[in-house]
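Just below is one structure, and these are the notes that go with it.
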Ligand SMILES: Cc1cc2nc3c(=O)[nH]c(=O)nc-3n(C[C@H](O)[C@H](O)[C@H](O)COP(=O)(O)OP(=O)(O)OC[C@H]3O[C@@H](n4cnc5c(N)ncnc54)[C@H](O)[C@@H]3O)c2cc1C
């Protein structure tokens, strides 16, 4: 398993990285933790001529606890996120999802930026970021732009990131719903990616749900929030009955994936089971 | 001092755990080149043209060989090592298995060209630039489909893809009549799915032609270096055997898949003489998935008939055995002599007939995989037993006990003669099941199972009581059954002047711990410290012709050969000792490393005798110097380990998720040299057997592509899928080998699979189903519950 020949660049600033991207365009690929890209290269599914390793770009690292949000540098590893105190407190589902990714080696290398850029529909990040109402900071030759997570995932391995752009950070609002959140996954037995991953974040006031965000990955080629479930929960007391009613037909109208581990009907059923599991944990 | 029976830590583990193991791919020779194979991406395709013009000119490329070159060199391909004849006496169909195919690719991964370059990366780059034009043909992967008229023909001269058919046992008409007249008949149709061996070390081979000595060396990740040398020399390349050395260095697991002689081994050997440089080829994991011989792949219909009291009256079995695209080295033996012969099981079944159709398909070859035929036989019998118990409203444990063969020790009582060509060595089957029931707390379990009713969980218990034929094998017997090789073992015990001992064994360790357990035997029998013993294996230039390791044979056959040589050493040593002690040999006792004149304190140590043997100044007249003996041991019979496996599962009704809550294994492998190693073998075997039940299985699509050809999709069992195993043993010594051992390498895999599926079936007994296809995924169970 050896990749095709490539030139290796290791910029230390964002500007350098963007310049390299602009110069080499199509022929280049960004490398972060390498835990999706390196297998792709070794299987020769892709053969870029230039690899731009952004792991040395200091401004893309670190987790900042701001007043109204937490900013996760794109280079943050799954392990750093899983162990971050601010995230554990303000958005527990983020830390929980991180802790469920792969194994220790994967978590120590793989990054959140690399994962969402890769946009594997069975990855764990999409659901929690959708539920968290995250914003993705993307940088290019013309500076930074911020993309609402609802506009980020465009389909199977497709995102809003342009050819010559780099994800630099993910920002998580400190909100009531994020504070009360969790993530559960029904793992594919070989890869342990998600056959169904469900993230839920629920804000309550006076015992009633004021906002519910329920998102899935693994179920469909594009991760999604289930508006029907969210609407049904809003205004209710989050108890067994309300959960049962809200999750009676999860993922309705969504095009559902199918494989030899989980056919469409089973996946849909399990999406409901895992939505109930996640919501019950918050009830 | 007794090493035998104690859990001595494995001496080889230090190098393995500290990363100092030396595997084939670790070996680097001067001037070495690297090979990358161009493989067919199609399961079935005519090769219209192969264009190497561009690739040949690429950086670092030394040479590219295609099928035209091997054809021109007159190389016919790799042979099959076991002949099975059709029922009508015709010889099996044995189409050639070329090293590089030039006319047609018959499975995904069939090699079309070998690209050799200075580095592997260069070879790989150039391999990508070899242009092959294909005419893609319809493919067939399923043996039932392959038998049908109009199915794609894998080989033009093999009608209906039938490699051979075969039967064994009582006349079918007699068996059918007994079934027709029986009080109860249990019928099952099931699939024992194809599994991929997945040794952690991918196959690797280095061919080296040394022009100075006119001699070839093949380093290869193999379970049997001598066998590879024999096949390579005598059948593939026509090389003089004394000019070929085959070395199997440290090998990272084989599970059967490294018994066989593979095309790549012959290619690197042949190629190294063409280019006069060594060639290394190491499989990528994706190549392992499509080129390592796979296991199982049976489609079976079986019937078991009972009288009104639950006594078994007859058994019939019809199996389609998928051979893949070519006959691998021992493939024909697996569904026949290693499977059909085991259908007596532990039961007194008076009438048995088994019929096999061996079928070619557009898939990777199938051959022996841990257990080889015996797991399939056990699955067949034990699924029938639990199903029959359920259908007749009988307790599955009682039904078995009632039908068990009575105990026999093989000494006072004759070995049990089966309806299917074997004579069991010794057996006492009741105790393993009774011990299992005790360990599981059977009555309590049934109460728990009842109590779980109405909750969201279903509990189930499954049994499997198995027998296996190991210690493979008496040469004359297997010769009569079609083996094109003997199955004895060799051992040389070489005593050095200082009394240290080197033992050369024809067995080959690839994880089993021979360097430890063999040394325990030697140290004990010779009365010397284990540290004074070194076990050497795997090099055909160092070791006498041996048959390698598979079929749980190493200790039973290889260990026995060592014992024979030790006896010779001690016999000669006694003569030297007698001379030194001025006593008669008959008056000497040997214990704890010294010969003592009986009734006196006069003695001489093993070290002094060894030194005298090599410095024979004061020496018995007429006795040759030296203390060094070789032996070949050919066993009198197979050995027959047996045991009882019990599985408890819990099924979550809402999700169909099955959890193995407990797994109990009581195995009888005869005498035990190192309990820890035996436990380890059982544990690993159980994981593999349970893995087949729950996780593993090759999935092909319509076009013959392996859908789950990576670890992203092929499910291997992992530690967190499994409970802590509860294991115990009974000991029924083998009466016909000097150590009384039966072999422990395969027991775990052979017994466990049906226990798991039976447990699932027990949990699902309210749902009116007859079978659940392996691997038992949550999706399948959910379909049953909600179907
Ligand atoms: C054995 C194993 C198990 C795994 N299990 C799981 C699991 O259970 N759940 C799960 O979600 N994931 C799993 N993964 C995937 C893992 O999370 C990867 O780390 C992650 O998908 C990619 O992150 P990376 O930093 O390694 O990215 P890389 O592999 O370096 O890059 C991935 C892709 O993103 C692009 N990229 C990287 N960084 C940026 C950036 N800053 N801006 C724009 N593009 C960028 C690259 O060009 C490439 O296309 C597993 C991986 C392995 C090897």
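Tell me whether the range B:1-144 comes out rounded, prolate or oblate; compute the Cα gyration tensor, take square roots of the eigenvalues as a ≥ b ≥ c, and use a/c under 1.5 as the rounded threshold. Don't skip to the answer; put the middle values down first.
Working: a/c = 2.51, a/b = 1.25, b/c = 2.01.
It comes out oblate by the Cα gyration axes.
Length gained on full extension, residue B:148 to residue B:453: 105.3 nm, using 0.36 nm per residue less the C-alpha separation.
Neighbour counting of Cβ atoms within 10 Å sorts the residues B:155, B:736, fewest neighbours leading, into B:155, B:736.
Tell me, what does the Kirkwood hydrodynamic radius of the range B:509-592 come to in angstroms if you use every pair of distinct C-alpha atoms?
Taking every pair of different Cα atoms in the range B:509-592, averaging 1/r and inverting gives 14.4 Å.
The calculated FRET efficiency for the pair residue B:589 and residue B:22, based on their C-beta separation and a Förster distance of 56 Å, comes to about 0.85. Note on residue A:7 and residue B:103: their simple-model spin labels are 5.0 nm apart, each label 7 Å out from Cα toward Cβ. A Cα-only calculation for chain B places Rg and Dmax at 27.4, 87 Å. Rg over Rh for the range A:132-283 works out to 1.00, both radii taken from alpha-carbon positions and Rh defined as the Kirkwood radius. Give the shape of the range A:59-213 as rounded, prolate or oblate, defined through the alpha-carbon gyration tensor: a ≥ b ≥ c are the square roots of its eigenvalues, a/c under 1.5 means rounded, and otherwise the shape is prolate if a/b is larger than b/c and oblate if not. In terms of gyration-tensor shape, rounded.
With semi-axes defined as the square roots of five times the eigenvalues of the C-alpha gyration tensor, the equivalent ellipsoid of the range B:585-734 measures 55, 22, 14 Å, largest first.
Per residue, the convex hull spanned by the Cα atoms of the protein assembly as shown measures out at 200 cubic angstrom.
Counting Cβ atoms of other protein chains within 10 Å of each Cβ in A:258-269 and taking the mean gives 4.
Calculated FRET efficiency, residue B:409 to residue B:722, Cβ-Cβ distance, R0 = 35 Å: about 0.50 to the nearest 0.05. Inter-chain neighbour count for B:277-287: the average number of beta-carbon atoms from partner chains within 10 Å of each residue's beta-carbon is 1. Normalising the Debye intensity of the range B:461-504 to I(0), with uniform scatterers on Cα atoms only, and taking log10 at q = 0.19, 0.33 Å⁻¹ returns -0.73, -1.10. Packing here is the average count of other Cβ atoms within 10 Å per residue, and on that basis the peptides B:140-152, B:444-456, highest first, run B:140-152, B:444-456.
With a ≥ b ≥ c taken as the square roots of the eigenvalues of the C-alpha gyration tensor of the range A:88-129, please select rounded if a/c is under 1.5 and otherwise prolate if a/b is larger than b/c or oblate if it is not? Cα axes put the range A:88-129 in the oblate bin.
A Förster radius of 35 Å combined with the Cβ-Cβ distance from residue B:160 to residue B:180 puts the calculated FRET efficiency at roughly 0.75. What would the Debye equation give as log₁₀ I(q)/I(0) for the range B:307-463 at q = 0.11, 0.14, 0.17, 0.20 Å⁻¹, counting only Cα atoms as equal point scatterers? Summing over Cα pairs of the range B:307-463 leads to -0.57, -0.85, -1.08, -1.26. With N the number of residues in the range A:1-105, Rg(Cα) / (2.2 N^0.38 Å) evaluates to 1.24.
Computed from the Cα positions only, the extents of the range B:488-633 along the three principal axes stand at 47, 27, 23 Å, in decreasing order. So how far, in whole Å, is the C-alpha centre of the range B:1-59 from the one of the range B:387-464? After rounding, the separation between the Cα centres reads 43 Å. Taking each pair of distinct Cα atoms in the range B:222-357 once, what is the resulting Kirkwood hydrodynamic radius in Å? 18.2 Å is the Kirkwood radius here. Of the Cα atoms belonging to the range B:136-217, the radius of gyration and Dmax stand at 23.1, 75 Å. If a spin label sat at a point 7 angstrom from the Cα of residue A:237 along the line to its beta carbon, the backbone N atoms of the range A:182-212 nearer than 11 Å would be those of A:207-208.
The alpha carbon radius of gyration of chain A, expressed as a multiple of 2.2 N^0.38 Å, is 1.00.
No value in this document is a laboratory result; all are computed from the given coordinates. Predicted model only: the values in this text are computed from it and were never measured. All Cβ positions, even for glycine, are placed from backbone atoms using ideal geometry, and neighbour counts span all protein chains on display.
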